[in-house]
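Okay, structure first, notes after.
The values are calculated or read from the model by the stated rules, or taken from the named source; none is laboratory data. Fair warning: this is a prediction, and the values are worked out from it, not measured in the lab. Backbone-built Cβ (ideal geometry, glycine too); neighbour counts: all protein chains shown. The protein model used for the area step is the full one, side chains on, heavy atoms only, and it has no ligands, DNA or RNA in it. Shrake-Rupley method; radii C 1.70, N 1.55, O 1.52, S 1.80 Å.
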Amino acid sequence: MNTDYINSRIETQKDQLLQHTLYQKIQTLDDLNCFLESHVYAVWDFMSLLKALQSKLTCTTTPWFASENPETRYLINEIVLAEESDLTLDGRRQSHFEMYVEAMQDLKADTTQLDAFLKNVISMQNIFVSIKNSRLHPDIKAFLDFTFRVIEEGKPHQIAAAFTFGREDLIPAMFTEILKNFKSNFPETNLDKLIYYFERHIELDADDHGPKALEMVSTLCGNNAAKWKEVEEISVLALEKRIGLWNAIQEKIALKMEPA
């Protein structure tokens, strides 16, 4: 097996995501904010996947020792740098999650539920309990639960699969579809910060991080058929959970549109 084979196995799910009807449902600013208020959880939990890989594939403890693969080490540290402390549109340093939340606030999206959830995560010290007890849509809960189950399992190739095929290799095409809709439907709304966030991801992932992430998966799996099989299973599940997230957001938009 190789990454081309994995991509062929997840082609159906990728097509479902790229052709999802959600993109056409975001017609008003209320619709857009509904999207942002749910999608933000995928922006947040991405960092935990990345940090799990940094923990597994680089040395983050003392005494320090050089990790096994310098290229993989460089890739992970490079992505952490970009994701955790990138330049904002106006030249400040922020994580991409902070950029996203700031864009939400500018558009008057509601961050009350997000703030309460994150406070609970800190106080509870058990991410699975926090997810279960939250008031999030069941499919958003399932999306988050999947991410942290993969992290808890702790196998680097599985975390890399969720990260690569569920995020890095998928995001450029998916975010391009989202941007098409934003730019055509909201000509009078200042979406500069939000568009910058999406375009920054497309730029980084399509040209650099995505291809390198595929190499990382290949390095971690080598010729081990069992590892490649687990990568395939995780990749399919990651995309199915993303489809569930998109379905949940579409459902929430539809509920907002129903007359009171």
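Going by accessible surface with a 1.4 Å probe and the largest first, HIS137, HIS201 read HIS137, HIS201. In the range 121-260, the ratio of gyration radius to Kirkwood radius, Rg to Rh, stands at 1.03 when only Cα atoms are counted.
Order THR61, THR88 by their accessible area, 1.4 angstrom probe, all chains in place, largest first.
On the way: THR61 90, THR88 15 Å².
Final ranking, largest accessible area leading: THR61, THR88.
Computing FRET efficiency as 1/(1 + (r/R0)^6) for GLN19 and TRP64, where r is the C-beta to C-beta distance and R0 is 45 Å, gives about 0.45. Leaving out ligands, DNA and RNA, what percent of the accessible area of the chain is carbon and sulfur, probe 1.4 Å? Answer for the chain is 50 percent, counting heavy atoms of protein chains only.
Between 0 and 90 degrees, the angle of helix 210-221 with respect to the longest Cα principal axis of the chain falls at about 40 degrees. On the beta carbon distance between LYS132 and GLN105, with R0 = 30 Å, the FRET formula returns roughly 0.60. Relative to the longest principal axis of the Cα atoms of the chain, the long axis of helix 138-153 lies at roughly 20 degrees. Cross-linked pairs LYS51/LYS183; LYS51/LYS108; LYS108/LYS183; LYS141/LYS212: Cα-Cα separations exceed 24 Å for LYS51/LYS183; LYS51/LYS108; LYS141/LYS212.
Per-residue surface analysis assigns ILE10 an accessible area of about 0 Å², computed on protein heavy atoms at 1.4 Å probe radius. With the Kirkwood sum run over all distinct C-alpha pairs, the chain has a hydrodynamic radius of 19.0 Å.
Solvent-accessible surface of the chain, averaged per residue with a 1.4 angstrom probe and all protein chains in place: 48 square angstrom. The 1.4 Å probe gives accessible areas that order ARG242, ARG200, ARG93, largest first, as ARG93, ARG200, ARG242.
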